[in-house]
Each structure stands twice: as C-alpha cells, then as structure tokens.
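A short write-up of the structure that comes next.
None of the figures in this text is laboratory data; all of them are computed from the coordinates on show. On a predicted model such as this, the values are computed, not experimentally measured, just so you know. Every residue, glycine among them, receives a Cβ derived from its backbone with ideal geometry; neighbour counts consider all protein chains shown.
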Amino acid sequence: MKRAFTVATQKLIMRAIRVSQFGGPEVLKVEENVPIPSPKEDQVLIKVIAAGVNPVDTYIRSGTYAAKPDLPYTPGMDSAGVVEEVGPKVTKFKKGSRVFTYRSLTGTYAEYTLASEDHVANLHNDLTFEQGASLGVPYYTAYRAIMFKSGVKAGSTILIHGASGAVGLACIQIGAAHGMKMLGTASTPEGMELVKRNGAFAVFNHQQDGYLQKITEATNGEGPDSIIEMLANVNLQNDINIIKRNGSIVVVGNRGNIEINARGIMAKECVVTGLVLMQASPEELAKMTKGIQDGMATGWIQPHVSHQYSLAEAHQAHKDVIESSGAKGKLVIKL
C-alpha cells in the first residue's frame with residue numbers, strides 16, 4: 001500500500017539536535033543534514049513548531065537515566081505541530097491536523113518528529129503550539145499522580161510541594177478542576193502568585209522558616225490528604241511529618257539521596273509511592289488523553305510557557321531547566 005501522504009516540500013533532510021556521547025549540555029549539537037523519518041504502519045510524521053524541554057531530557061542526555069537510548073539520538077518527547085504524513089494504518093489524524101505528542105520515536109528537538117498514533121493527540125485551537133508543547137510530560141505526569149496515584153477524591157486537600165514548575169502548575173489546574181482543595185509551595189513571590197492564579201487555595205514560600213507549620217494550620221491541624229512531591233531528596237521527611245493520617249505521598253521528582261525516619265510512615269500509616277510516566281499502561285494513557293482533551297475543550301487547561309529558545313540554544317535550555325531556581329512554568333524550543 002502506498003503512503004497516505006507525501007512530504008509537501010519534498011525535503012529529505014532536516015535540522016535536529018543530535019547527541020553523539022552522553023555528557024553535559026555541550027553535547028547537544030545542531031546538525032543540518034539529518035534524514036527526515038518516514039511513517040510506517042500506525043506512525044505519524046509531524047512538522048514540529050515547538051518542542052518541550054523536561055528535566056528527564058537532561059538525565060537521559062547525561063547518561064544517568066536508567067534507560068539509555070542508542071547513540072547518536074535526538075532528545076525530546078513533547079512537541080506540538082502539524083501532521084505532515086501518516087502511515088497506512090493511521091485513522092485518527094490526517095495531513096494538516098494540529099497535534100501534540102507525549103512520546104516520540106525519533107525525538108522532538110528537530111524540524112520533524114515521528115510518533116506512534118497512540119502517542120499523538122489533537123491540539124485544541126484555543127492553545128498555541130508553544131502551549132501544546134507544554135502538555136505532554138507535565139500534564140500526563142500530573143494527571144496520573146492526582147487521578148490514579150494519590151487515592152484522593154473531590155473535596156480532598158492536596159499539597160503540591162514545588163508547584164510553580166510545569167508539572168506543579170499542571171497538578172494545581174487538574175486538582176482544582178476536579179473539586180479538590182489545592183495548596184502549593186514556591187520559592188519566590190512571582191512563583192507564588194503564579195500558583196495562586198492557576199487555582200491554588202493557598203500558597204506557601206518553602207524558603208521561609210515555619211512554612212510547614214502554616215500548611216498544618218491551613219489544614220485544621222490534620223495535614224494534607226495527599227502530597228505530590230517534586231523534590232523528594234529535600235522534602236520527603238517533611239512530607240512524612242505533615243501528611244494526614246492515612247494520607248498519601250506521591251514522589252514525582254528526585255535528584256539525590258535522603259535519610260528518613262520510617263517510624264513517621266508507621267505512625268501516620270501513610271502510603272509513599274513513586275511515579276514514572278513511562279510505566280503508565282495503555283489504558284491509563286487513553287484515560288489521561290481523554291481527561292486532557294476535556295480540559296482543553298472546557299478551558300481549564302492553560303499551560304504556562306516561561307521561556308522560548310531556538311534550536312541552537314537547546315544547551316542553555318537544559319542548563320536552565322535544572323539550574324534555575326524558582327521555576328515558573330515550561331521551557332520550550334521554538335523551531
């Protein structure tokens with residue numbers, strides 16, 4: 001069967017970031033003559049307009065992530081753009097469709113990316129491509145953490161520990177939209193205001209002494225029903241100290257080791273669980289996609305893009321996503 005569409009420009013090569021060895025941000029190199037991949041079977045070729053930058057991209061690039069790609073490779077999972085070509089078994093998309101990805105077969109720091117049909121979703125017309133590139137890892141992670149892992153329901157109180165970054169803001173929006181009382185922490189006045197604007201009932205500065213006591217007071221002395229933790233190597237013991245009895249702690253982010261006193265877990269009879277988005281089942285992914293599509297349609301999903309970079313500035317984006325304090329939303333590469 002012949003291919004459903006032919007690349008309109010008849011281009012055979014593209015610009016893309018290629019990593020030939022694991023290491024620091026300097027290993028991100030722009031190459032001008034990378035072959036454009038061709039979609040097969042259930043695959044979709046997308047002309048990328050914006051690509052999302054996530055902390056996990058930097059872990060993979062450094063070689064410290066558990067799953068290492070074959071070298072050389074193009075980084076990135078999140079993108080938004082326009083469908084250029086589809087494989088013969090694709091039924092959900094056609095040439096010209098506005099879409100976003102939450103996984104990629106060939107990497108998204110490139111002018112074109114290839115993805116499985118099941119890892120592509122329609123991008124609502126009310127969102128920009130930059131916002132679309134901010135949906136994948138942050139919103140799917142947040143949705144899975146709150147709706148599948150936390151064990152809470154409407155009316156519950158959830159603390160997002162580190163709420164001003166891309167995943168944190170997604171958590172605030174998702175929880176608030178589903179009738180939960182959302183609390184958040186941030187480290188700057190600007191970050192705190194951003195969290196509040198996105199639907200938090202109260203926001204606390206986690207750089208200030210006594211903020212944990214303020215969280216406890218805001219929950220009538222009981223503590224949150226659930227805590228979504230973005231930096232467990234710093235905060236996990238604090239989470240155990242303030243979580244409500246029989247509550248849950250969902251670890252979404254961690255950058256090192258921590259020593260905790262497990263007696264606190266015993267005393268609270270709380271659940272501490274981890275989350276890795278790549279381990280989501282196909283059924284979970286389908287439910288998350290449906291929930292995010294509904295959120296775009298009703299308007300409560302509004303990704304906040306904090307900074308845009310050119311493809312040549314990908315190395316700086318990798319530095320900033322890890323090193324910049326007081327994260328405020330999503331970093332994207334504009335193609």
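Here r is the Cβ-Cβ distance between K334 and D209 and R0 is 30 Å; the resulting FRET efficiency, rounded to 0.05, is 0.15. With each label modelled as a point 7 angstrom along the Cα→C-beta vector, the D126-K40 pair spans 4.0 nm.
Among beta bridges from DSSP that stay inside the chain, the antiparallel ones total about 55%. Using the alpha-carbon positions of the range 138-278, Rg (one decimal) and Dmax (whole number) come out as 13.4, 37 Å. Cross-link partners of K29 among lysines, defined as those whose alpha carbon lies under 27 angstrom from its own and excluding same-chain residues fewer than eight positions apart: K11, K47, K68, K319, K328, K330, K334.
One decimal place: the segment R197-R15 gains 61.8 nm when fully extended, by the rule 0.36 nm per residue minus the C-alpha distance. Applying D = kT/(6 pi eta Rh) to the range 194-335, where Rh is the Kirkwood radius over alpha-carbon pairs, T corresponds to 4 °C and eta to 1.567 mPa s, the Stokes-Einstein value obtained is 73 µm²/s. Projection of the Cα convex hull of the range 150-195, averaged over all directions and equal to a quarter of that hull's surface, yields 2.9 nm². The length gained by stretching the chain between K153 and A67 to full extension, at 0.36 nm per residue less their Cα-Cα distance, is 27.6 nm. Shown for the chain is the translational diffusion coefficient from the Stokes-Einstein equation, using the Kirkwood radius over Cα pairs, a temperature of 25 °C and a viscosity of 0.890 mPa s: 120 µm²/s.
Remark: C-alpha extents of the range 258-308 on the principal axes read 45, 32, 21 Å, sorted largest to smallest. Maximal additional length on extending the E190-S281 stretch stands at 29.1 nm, based on 0.36 nm per residue less the C-alpha distance. Distance between the modelled labels on N233 and V271, one decimal in nanometres: 2.7 nm (7 Å Cα→Cβ projection).
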